[in-house]
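Taking it in order: structure first as structure tokens, then the write-up.
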Amino acid sequence: MSFQYPFALFALLAIPVLIVIYILRNRYKEETAPSTYLWELSEKFLKKRNPLRRIEHLLSLIVQILAIAGMSFALAHPQFTLKESADNIVFVLDNTASMQMTHEGKTRFELAKEEITKTVNEAVNGCKFTLIAASNDNDEGYALVCSDVSDKAKFGLFLDNVQLTNYTGDLSYAIAQTQGMFLNGNANVCYVATDKVLPNVNFEAENLNLIDVSYSKTKDITASGSKYPSGSQVYTIGNKKYATYTEDYNYALTSLDFTIANSGMMLINTGIVNYNDPTRDLKIRINYYVDDKYYGFYNVTYNKTEPTEGEEWILGDSHVFTIPLEAKDDDNFQLAKSVKAVIVNEDSFVSDNTFVGYNYDFASSTNVLVISETPLYLNAMFKSIDDVNLTVVSLATYTSRAATYTGYDLYVIDGINLTEDIYPKDGAVWLIDQDDPVTGSGFTCVSTEVFDESQATAGNYGFRPVYANNTDDLLYNELTKNIPQNQLVLYSYQKYNLTSDFTTLVSYTNENGSTYPIIFAGKNNYDQRQVVFGFRLSNSNLPLRYDFMAWTKNIISYSDPVLISQFNYEVKDTALINYTDDVSSMVITTPSGKKENFKHGSSDSQTYIFEEVGAYEVRINYKDESYKNLYLFSANPRKEENPVLVDTDATYVLETSANTKRGDGLFDNILPIVIVAAILFAADWIMYAHEQF
């Protein structure tokens, strides 16, 4: 036995003081009496007095001593050691997205926390508690929240701080961490709090326990003719067959897109999943909003007694239906940016009841300015490509009005050398046959090489460069995709020396073994996307081949990339947002209101990983101080939407070692001592009152 507050035992010094007071106390009272007759008369009654009266004062002293001793011990808080009675307990708490589902007004996560708290409170004092949160919110697949906490109140604070996530997860990572604790002797009991159904895990084992918050029911259907709800998850364990099901409702919206017909009517395609018994009569109401304006509702129905062809649902499969929507209040659906669908039925998992589809016209034209004295090939090629706004000017025209030729996505400078003061710097550039490039272009011209016709032979006329085959380079793959790579023949080329880091796409090796870039691309010193052709188009066979169209399309795509091509994601997906040369920065606002800022650095794109469910706002800031807002939508992982998650692959077993031992428990409940001391004080008060009255 030990004491938590041993200094309280000094209160026992009051006992000898009490004894001294008892000894020195005068027990007789001096009274004045008119006669002794009554004393003499009462002698015969005194002989019959109760003998306990003689020790009455002694009993009072004993009671007072015991009361003081009891209160002193209670204040000292005695602790009794119970050998090897305390466990080192690990709690694995599932905080994946499916734990958001509700059951009787509480989320599965809240119910799991309540069960963990109950287990902790019932545990012997002296137990140590470790908490692991199991979801894929980091690379390990779990998070160690706390370890070896013996204070139950402190552990409760750690438990309260664990938050639900929107991620999916695998409990195996957390179990593996727990196994390490078992082998190191830091744990001997594990509780797994989850809504996953794990039929191959033996939770009857002494050291592995399940806190089940799936609220599912399992039925043995091995026998022929066994009946079970058709919405069950059916699986086989050994030679037994089981069906697991739940009575919780859950529907999920899985997709949404819309198109505008020539009549101006909107056609909305909506995907919905039924995770319940598909043979039940269904009537699901879905509200629709266009640019956040309510446009009415649509009832998705299924009658099991009179099924309509094409309406039969399979559990977990998406059912896509199309509804027409007419504009009202003079709204123009051609300008619509978003459509939102919301399921309003009672549902155990509300976060998958909303889906937003976005539509942006990113087929906007690419503005191209060609500065050339011989624009024949370029003019014909650009005009044959859709969504290109082409402007062609001569050197004299451009030089005289250079300040007005701004705001183009792509500048094509064909066989002309511009000076630094009029060189365009607000868009991408395509340089052709430059023999005196500006300093910021990132390369210099060594010489102009012209093919000697006297060296021509049959089938071998002109310079024959080759593709670099640099397939490990992303820029190479982007600019050479869909190009047949027919043999390129040049009658002259510029011999360039690269002073910046460029990707070589096509190169030529001369008779001396020296290799020079013929076509290359990358960022120049002005931080512009730049593609360089080191030859005049008219001095090559390129304009006569399909390769020229493929090159032009790829250069347009590279020069004026689509900001983003996908608008709907799941949590943990990665979005790729491209920067154009006129973008200065980007601000992403999450559904919770958190803002994340990204500046346009050396990279031409920005990746972003979705952590929340809902609509994200992406503000694109341009260098001319204008901006554009885009919206992306992130949904829950589909795996987490099913209210019955059966994992037959999980086969967790926790092995112990010689290091695995139980700790010593403590019994420190002082309530019995306090009660006894209170009773003694009450008894002493009764004896005192009897003596006085």
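The values are calculated or read from the model by the stated rules, or taken from the named source; none is laboratory data. Fair warning: this is a prediction, and the values are worked out from it, not measured in the lab. All Cβ positions, even for glycine, are placed from backbone atoms using ideal geometry, and neighbour counts span all protein chains on display.
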Residues in the stretch 463-491 that are of a type outside the set (F, W, Y) and assigned to a helix (DSSP H, G or I): how many? 6
Determine which single condition D527 fails, assuming it passes every other condition in (1) assigned to a loop (DSSP other than H, G, I, E, B); (2) modelled with pLDDT of 95 or more. (2)
For the stretch 394-434, what are the residues that are over 17 Å from V532 (Cβ atoms), touching a strand residue (DSSP E or B) at 6+ places or on another chain (Cβ under 8 Å) and not hydroxyl-bearing (S, T, Y)? L395, G407, D409
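Here's the yes/no breakdown for (1) of a type in the set (K, R); (2) in contact with a Ser or Thr (Cβ under 9 Å, 6 or more places away or on another chain); (3) over 21 Å from T444 (Cβ atoms):
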{"position": "E373", "(1), (2), (3)": "no, yes, yes"}
{"position": "N379", "(1), (2), (3)": "no, yes, yes"}
{"position": "V388", "(1), (2), (3)": "no, yes, yes"}
{"position": "T391", "(1), (2), (3)": "no, no, yes"}
{"position": "I413", "(1), (2), (3)": "no, yes, no"}
{"position": "E420", "(1), (2), (3)": "no, yes, no"}
In the stretch 569-627, what residues are β-branched (V, I, T) and surrounded by fewer than 12 Cβ atoms within 10 Å (Cβ to Cβ)? T574, T607, I609
On the given criteria, is K217 at pLDDT 90 or above and either within 18 Å of E640 (Cα to Cα) or basic (K, R) (or both)? no
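Yes/no matrix, rows are residues, columns are (1) among the aromatic types (F, W, Y); (2) closer than 30 Å to S507 by Cβ:
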{"position": "P517", "(1), (2)": "no, yes"}
{"position": "N524", "(1), (2)": "no, yes"}
{"position": "R529", "(1), (2)": "no, yes"}
{"position": "F535", "(1), (2)": "yes, yes"}
{"position": "S538", "(1), (2)": "no, yes"}
{"position": "I577", "(1), (2)": "no, no"}
{"position": "I588", "(1), (2)": "no, no"}
Pull up the stretch 525-553, narrow it to residues that are buried (at least 17 other Cβ atoms within 10 Å of the Cβ) and small (G, A, S), then point me to the one that is farthest from T448 (Cα to Cα). A550
With the checklist (1) crowded, with 19+ Cβ neighbours inside 10 Å; (2) within 19 Å of V368 (Cα to Cα) in hand, flag the one item I519 doesn't pass. (2)
If I go through the stretch 479-510 residue by residue, how many of them are over 12 Å from F463 (Cα atoms) and hydroxyl-bearing (S, T, Y)? 6
Candidates N477, N482, N486, filtered to the one that is out of contact with any helix residue (DSSP H, G or I) (no Cβ under 8 Å at 6 or more places or on another chain), loosely packed, with under 14 Cβ neighbours inside 10 Å and over 15 Å from Q530 (Cα atoms): N477
Just a yes or no: is a residue in the stretch 540-547 free of Cβ contacts under 8 Å to residues at least 40 places away in the same chain, in the same structural domain as I413 (by TED's automatic domain parsing) and within 30 Å of L490 (Cα to Cα)? yes
Are there any strands (runs of 3 or more DSSP E) wholly within the stretch 321-412 with 3 or more residues that are closer than 28 Å to Y249 by Cα and touching a residue at least 60 places away in the same chain (Cβ under 8 Å), and if so which? 338-343, 354-358
Conditions (1) within 48 Å of the chain's Cα centre (by Cα); (2) buried (at least 20 other Cβ atoms within 10 Å of the Cβ); (3) in contact (Cβ under 8 Å) with a residue 60 or more places away in the chain; (4) not assigned by TED's automatic domain parsing to the domain that holds Y289 -> K425 fails only (2)
I'm checking my understanding of the structure. Among residues of the stretch 448-458 that are surrounded by fewer than 12 Cβ atoms within 10 Å (Cβ to Cβ) and among the polar types (S, T, N, Q), which one is modelled with the lowest pLDDT? T457
Tally, over the stretch 204-214, of residues that are in a loop (DSSP other than H, G, I, E, B) and at pLDDT 85 or above: 3
State the number of residues belonging to the stretch 428-441 that are buried (at least 19 other Cβ atoms within 10 Å of the Cβ), out of contact with any Lys or Arg (no Cβ under 8 Å at 6 or more places or on another chain) and not in a strand (DSSP E or B). 4
If you take the residues of the stretch 222-270 that are in a strand (DSSP E or B) and of a type in the set (F, W, Y), which of them is surrounded by the fewest Cβ atoms within 10 Å (Cβ to Cβ)? Y235
Can you tell me which residue among N274, N188 is assigned by TED's automatic domain parsing to the domain that holds A327 and on the phi < 0 side of the Ramachandran plot? N274
If I ask for residues that are over 18 Å from the mean Cα position of the chain (by Cα) and within 14 Å of L576 (Cβ to Cβ), which ones from the stretch 587-617 would you list? F598, S603, D604, S605, Q606
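So that you can scan it fast, the table gives a plain yes or no per residue for (1) at pLDDT 95 or above; (2) touching an Asp or Glu at 6+ places or on another chain (Cβ under 8 Å):
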{"residue": "V531", "(1), (2)": "yes, no"}
{"residue": "F535", "(1), (2)": "yes, yes"}
{"residue": "S538", "(1), (2)": "no, no"}
{"residue": "Y546", "(1), (2)": "no, no"}
{"residue": "I555", "(1), (2)": "no, no"}
{"residue": "D560", "(1), (2)": "no, yes"}
{"residue": "I564", "(1), (2)": "no, no"}
{"residue": "F567", "(1), (2)": "no, no"}
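For (1) part of a loop (DSSP other than H, G, I, E, B); (2) over 18 Å from I432 (Cα atoms); (3) without any contact (Cβ under 8 Å) to a residue 12 or more places away in the chain; (4) out of contact with any Cys (no Cβ under 7 Å at 6 or more places or on another chain), each residue gets a yes or a no:
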site	(1), (2), (3), (4)
V531	no, no, no, yes
M549	no, no, no, yes
N554	no, no, no, yes
I564	yes, yes, no, yes
Y569	no, yes, no, yes
K572	yes, yes, no, yes
M586	no, yes, no, yes
P591	yes, yes, no, yes
Y608	no, yes, no, yes
Applying the selection to the stretch 459-474, what residues are within 52 Å of the chain's Cα centre (by Cα) and surrounded by 19 or more Cβ atoms within 10 Å (Cβ to Cβ)? P465, A468
Of T419, T406, the only residue that is β-branched (V, I, T), more than 15 Å from E373 (Cα to Cα), modelled with pLDDT under 95 and touching a Pro at 6+ places or on another chain (Cβ under 8 Å) is T406
Filter pass, V149 being in contact (Cβ under 8 Å) with a residue 40 or more places away in the chain and buried (at least 20 other Cβ atoms within 10 Å of the Cβ): no
Kindly indicate the residue of the stretch 164-199 that is of a type in the set (S, T, Y) and in a helix (DSSP H, G or I) and also farthest from the chain's Cα centre (by Cα) among those meeting that condition. T178
Among (1) out of contact with any Asp or Glu (no Cβ under 6 Å at 6 or more places or on another chain); (2) in contact (Cβ under 8 Å) with a residue 24 or more places away in the chain; (3) outside any strand (DSSP E or B), the one test that S507 misses: (3)
